[in-house]
Amino acid sequence: MEQETKITNDKSYTLKNVLLETGFEFDGAEVVKTKTALFCVEIADGKIKAITPNDPNKNAIDAKGRLMLPAFKDMHAHLDKMLFGLPWQAVSSKRKTVKDFIAYEQKMIPEWLHTSIERTEKLIEFLQGYGTHYIRSHFNIDPTSGFDSLKHLEIALQHKEKTVGAELVAFPQHGVFYTNTAPLLKEVVKMNIDFIGGVDPYSIDGSIEKTMDLITQLAIDNDKGIDIHLHERGESGVKTIEYLINAASKNPKLQGKTFVSHAFALGHLTPTETESIAERLAAARVGIVSSVPFGNTIMPIPTLRKHGVEVLIGNDNIQDHWNTFGSGNMLQKAHLIAGLYGYSSEWDLSRTLGFATRYTLPLDDKGNQQWPKAGNDADLVFLDASCSAEAVARMSAVKSLVHKGNIVF
């Protein structure tokens, strides 16, 4: 779903006929309906200035009764490295291990870099078409890429700075010591990035401690977060997660800024083990980032959330050499979560929207209106839906996106 981008740079304007959620309708203890009403919404200097009763005759931009929700956040993407914008190519069955993919990337990255700026901009527009306005993007840092993946990504983001926000993760896809990437990590962590990453330290580098010691110390010394890719299951996967739990427990600077992406090991534990590690993750304020896999790995997202673990959701691969099926649609991710875990009631579906918005929701758990409020950033999406629950259940079409007051389309 690619949208024609039309940026409105007006510093102030008003929207009318905006549908907002106002509360829940109950039948006893059960939520049976979401209440809504039409409003005017004033935007100024990238913020919501005021929300007033609707005036259909007002000289304002007509939202046509569409539902306004918080714009979506994709918390795991690879904007720098994908096949988007190139001729269609499905995943090859020849590459089976992470080391197979590393060898392939070492061959192909120099070619991909020639067109990466233009293709990254096209991918950003593709994600925006589904209502995404903010992206956590990993970028390759390895001897083949050098700093070029970062440089090209920064250029693309500069070109799109009025319409998208981003935070960046230095990602040693080819291992920290498997290839000579440690010196590059020590340099890139001093640059304008937000997180330092890693990948499968035991299976790629041969040691959990050696790799994780370096990553955590670089994060602490340079005031960065951590977001590592962990595909390993079994003992090595669990031990790597426990390493980060212990590191964050000892270093408050890492708490709330440390994440494990994928963390597939959590999907292969007993219920008792899952409860225990979820409790420890929450206590250490270590989050999990998931693309919501299914098949032979179902992530224990309900258990993690029950214990208060921050679970972030992202699309991960969108037409690349790792995965063929990325849609780019965060609302689809929320829909998938609802289906996988049986969230089918009005209340459950309305809560599931939070996985697409990083937990910004129009109504709190009791139905009190909490968004939008005057002073909120004007990061908005407009959909053909009657409420959040319907938007998730039906993956309602996104009709407009606003980023910091700029009307993207």
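The values are calculated or read from the model by the stated rules, or taken from the named source; none is laboratory data. Not measured: the values here are computed from a predicted model. Ideal geometry is used to build each Cβ from the backbone, glycine not excepted, and the neighbour counts take in all protein chains shown. The accessibility values were calculated without ligands, DNA or RNA, using every heavy atom of the protein model including side chains. Shrake-Rupley method; radii C 1.70, N 1.55, O 1.52, S 1.80 Å.
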(message) Loop-only GluC sites (Glu not before Pro) in segment 157-200, please: DSSP not H, G, I, E or B, and at most 16 other Cβ atoms within 10 Å.
(response) Glu161
(request) Sketch the reach of a paramagnetic label on Ala283 as a point 7 Å from Cα along Cα-to-Cβ, and name the residues of segment 246-274 whose backbone nitrogen lies under 11 Å away. (result) 246, 249
(request) Could you give log10 I(q)/I(0) at q = 0.25 Å⁻¹ for segment 149-229, computed by the Debye formula over C-alpha point scatterers of equal weight, without solvent? (result) -1.18
(message) At 1.4 Å probe radius, can you tell me the per residue accessible area of the chain in Å²?
(response) 41 Å²
(request) Mind pulling the per residue volume of the convex hull built on the Cα atoms of segment 132-180? Å³ is fine. (result) 59 Å³
(request) Could you list, in their original order, any pairs among Lys94/Lys224; Lys49/Lys399; Lys11/Lys35; Lys160/Lys250 whose Cα atoms are separated by more than 28 Å? (result) Lys94/Lys224; Lys11/Lys35; Lys160/Lys250
(request) Return the single residue from Phe355, Phe101, Phe26 with maximal mean-square fluctuation; model: Gaussian network over the chain, springs between Cα atoms under 10 Å. (result) Phe26
(request) Run the dipole for segment 96-183 about the Cα centre, Lys and Arg Cβ at +1, Asp and Glu Cβ at -1, nothing else charged, and hand back the magnitude in debye, nearest 20. (result) 160 debye
(message) Pairs of alpha-carbon atoms within less than 8 angstrom and 6+ residues apart define the contacts here; what relative contact order does segment 259-409 have, in percent?
(response) 15 percent
(request) Tell me what the chain gives for mean residue ellipticity at 222 nm when only DSSP H runs of n ≥ 4 count, each as -39,500 (n - 2.57), the sum divided by the residue total, rounded to 500 deg cm²/dmol. (result) -9500 deg cm²/dmol
(request) Can you send over the solvent-accessible area of Tyr134, 1.4 Å probe, protein chains only, in Å² to the nearest 10? (result) 50 Å²
(message) Using a 7 Å offset from the Cα along the Cα-to-Cβ direction at both Ser236 and Ala37, what is the distance between the two label points in nm, to one decimal?
(response) 5.9 nm
(request) Give, in whole angstrom and from largest to smallest, the semi-axes √(5λ) of the equivalent ellipsoid of segment 264-374, with λ running over the eigenvalues of the Cα gyration tensor. (result) 23, 20, 13
(request) Would you work out which of Val286, Ala248, Ile301 lies farthest towards the positive end of the dipole of segment 248-353, given +1 charges on the beta-carbon of Lys and Arg and -1 on that of Asp and Glu, about the Cα centre? (result) Ala248
(request) Over the alpha-carbon set of the chain, divide Rg by the Kirkwood Rh and report the Rg/Rh ratio to two decimals. (result) 0.97
(request) Provide the convex hull volume over Cα atoms per residue for segment 349-393, in Å³. (result) 82 Å³
(request) Write down Rg/Rh for segment 213-281, rounded to two decimals, with Rg from the C-alpha atoms and Rh from the Kirkwood relation over Cα pairs. (result) 0.98
(request) Once you have the Cα-Cα distance between His159 and Asp45, take 0.36 nm times their residue separation minus that, and quote the gain in nm to one decimal. (result) 39.0 nm
(message) Sorted from largest to smallest, which semi-axis lengths in Å does the alpha carbon gyration tensor of segment 1-122 give for its equivalent ellipsoid, taking the root of 5 times each eigenvalue?
(response) 45, 23, 12
(request) Among Glu346, Glu25, Glu105, determine the one that fluctuates most according to a GNM of the chain built with springs between C-alpha atoms less than 10 Å apart. (result) Glu25
(request) Treat every Asp and Glu Cβ in the chain as -1 and every Lys and Arg Cβ as +1, leave all other atoms uncharged, and give the resulting dipole magnitude about the Cα centre to the nearest 20 debye. (result) 340 debye
(request) Provide the FRET efficiency to the nearest 0.05 for the Glu25-Leu340 pair, computing r from the beta carbons and using R0 = 22 Å. (result) 0.20
(message) Could you tell me the relative contact order of the chain? Use alpha-carbon pairs under 8 Å, at least six residues apart, and round to a whole percent.
(response) 22 percent
(request) Please give the length that would be gained between Phe325 and Thr270 if that part of the chain were fully extended, namely 0.36 nm times their separation in residues minus their C-alpha to C-alpha distance (nm, one decimal). (result) 16.9 nm
(request) Within segment 264-293, find all residues whose amide N lies under 20 Å from a label point positioned 7 Å from the Cα of Glu167 along Cα-to-beta-carbon. (result) 281-292
(message) Using only the alpha carbons of segment 321-400, what is the convex hull's orientation-averaged projected area in square nanometres?
(response) 6.5 nm²
(request) With all distinct Cα pairs included, what does the Kirkwood hydrodynamic radius of segment 197-315 come out to in Å, to one decimal, could you say? (result) 14.0 Å
(message) For segment 87-188, what does the relative contact order come out to in percent, with C-alpha contacts under 8 Å and a separation of six or more?
(response) 30 percent
(request) Specify the angular offset, from 0 to 90 degrees and rounded to the nearest 10, of the alpha carbon long axis of helix 148-159 from the longest principal axis of the alpha carbons in the chain. (result) 10 degrees
(request) Please build a GNM for the chain, connecting alpha carbons under 10 Å apart, and tell me which residue among Gly367, Gly314, Gly225 fluctuates the most. (result) Gly367
(message) Given points 7 Å out from each Cα along the Cα-Cβ axis, report the Asn368 to Asp221 separation in nanometres with one decimal.
(response) 4.6 nm
